[in-house]
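Q: Before I ask anything, let me first share the structure, which is written out below as structure tokens.
The values are calculated or read from the model by the stated rules, or taken from the named source; none is laboratory data. Source: prediction; values computed, not measured. Using ideal geometry, Cβ is built from the backbone for each residue, glycine included, and neighbour counts are taken over all protein chains shown.
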Amino acid sequence: MAFFKRKTPSTATLDPDDINMNSVFDAATEQRIQEIGTRLLDRARSRKQSWLSTAFWSDKLMDWAMEDEDFKIQLFRFVDTFPTLVTPEQVHDHLVDYLS
């Protein structure tokens, strides 16, 4: 139950005319570098998130927090007040007040 989904980025195709002509490599080498880079980027984008990634756990935590309506309300109330809190003690006190 995710409210926010990441957009799937579109992969731009490489136009040989757009290759940087200021490269220190010859055109054929630069073309090959661009092809390898594009292929690596496509592979990275096609992979699902690993359970080791912070994004995976952030999404799981958000999903868990949004399941309980009362908790969600209190969490958003805390988020609204957070910018006004100055000390760690204030943050702690508000967390205890809102989430317990």
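Q: Please specify each residue of region 16-39 satisfying the condition of being at pLDDT below 85 and surrounded by 10 or more Cβ atoms within 10 Å (Cβ to Cβ).
A: Answer for region 16-39, where residues must be at pLDDT below 85 and surrounded by 10 or more Cβ atoms within 10 Å (Cβ to Cβ): D18, I19, S23, F25.
Q: Would a scan of region 53-69 turn up a residue that is in contact with a helix residue (DSSP H, G or I) (Cβ under 9 Å, 6 or more places away or on another chain) and either at pLDDT below 80 or over 30 Å from D97 (Cβ atoms) (or both)?
A: no
Q: Looking at (1) under 21 Å from the mean Cα position of the chain (by Cα); (2) surrounded by fewer than 12 Cβ atoms within 10 Å (Cβ to Cβ), find the lone condition where M62 falls short.
A: (2)
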